[in-house]
Structure formats: C-alpha cells, structure tokens
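Here, each number is a calculation from the coordinates, and none is a lab measurement. Because the structure is predicted, anything quoted here is derived from the model rather than measured. Quick reminder, even Gly has a Cβ in these numbers, built from the backbone with ideal geometry, and neighbours come from all protein chains shown.
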Amino acid sequence: TPEAYTGLMTLVPYGRIGEPEDIARIAVWLASDEADYVTGATLFVDGGTTLYPGFAHGG
C-alpha cells in the first residue's frame, strides 16, 4: 500500500528501495582486481538502513 511504502521509506536514509543492480555492482567490484586487498569485511548494501537507531536493539 502507499502508506506501507511511505512508512518503509522513513527507515531508508538513501530514500529508495534497493534494486538487484545495487547488489550486482558491489559483487562485481568484490570480484575485480580493484578489491584485491579486501579481506574479512562486512559490506552493508542497504541504503543506510542499518543506521536506523531501532535496529541496534532488534527493531
């Protein structure tokens, strides 16, 4: 519903829902020579959603 979408967007600082291409770009980068020194990293591809304070305590 439009109301549910509006509510969800309050949790995404970037202001839009992620697309498959957003994940694909980071996957391609990780597989490239540009990322050859990256080890053991957690990359959040979530438009900043993990910054939402409520998620620090399970929602």
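Among 15, 40, 48, determine the one that fluctuates most according to a GNM of the chain built with springs between C-alpha atoms less than 10 Å apart. Highest fluctuation of the listed residues: 40. Applying the Karplus relation 6.51 cos²θ - 1.76 cosθ + 1.60 with θ = phi - 60° to the range 4-21 yields 3J(HN,Hα) values of 5, 4, 4, x, 5, 5, 5, 9, 10, x, 5, x, 8, 6, x, 10, x, 5 Hz, where x marks Gly and Pro. If you look at the Cα atoms of the range 2-50, you get an Rg and a Dmax of 13.9, 44 Å.
Based on DSSP loop calls and a cut-off of at most 16 other Cβ atoms within 10 Å, the longest stretch of the chain free of exposed chymotrypsin sites (Phe, Trp or Tyr not before Pro) is what? Longest run free of exposed loop sites: 15-36. Calculate for the chain the 222 nm mean residue ellipticity that helices alone would give, adding -39,500 (n - 2.57) per DSSP H run of length 4 or more and normalising by residue count, nearest 500 deg cm²/dmol. Result for the chain, helices only: -10000 deg cm²/dmol. Here each label is just a point 7 Å from Cα along the line to Cβ, and for residue 17 and residue 35 those points are 2.5 nm apart. Converting phi to 3J(HN,Hα) with the Karplus coefficients 6.51, -1.76 and 1.60 and the offset θ = phi - 60°, the range 23-38 yields 6, 4, 4, 6, 5, 5, 4, 4, 7, 8, 5, 4, 10, 5, 9, 7 Hz in sequence order, with x at every glycine or proline.
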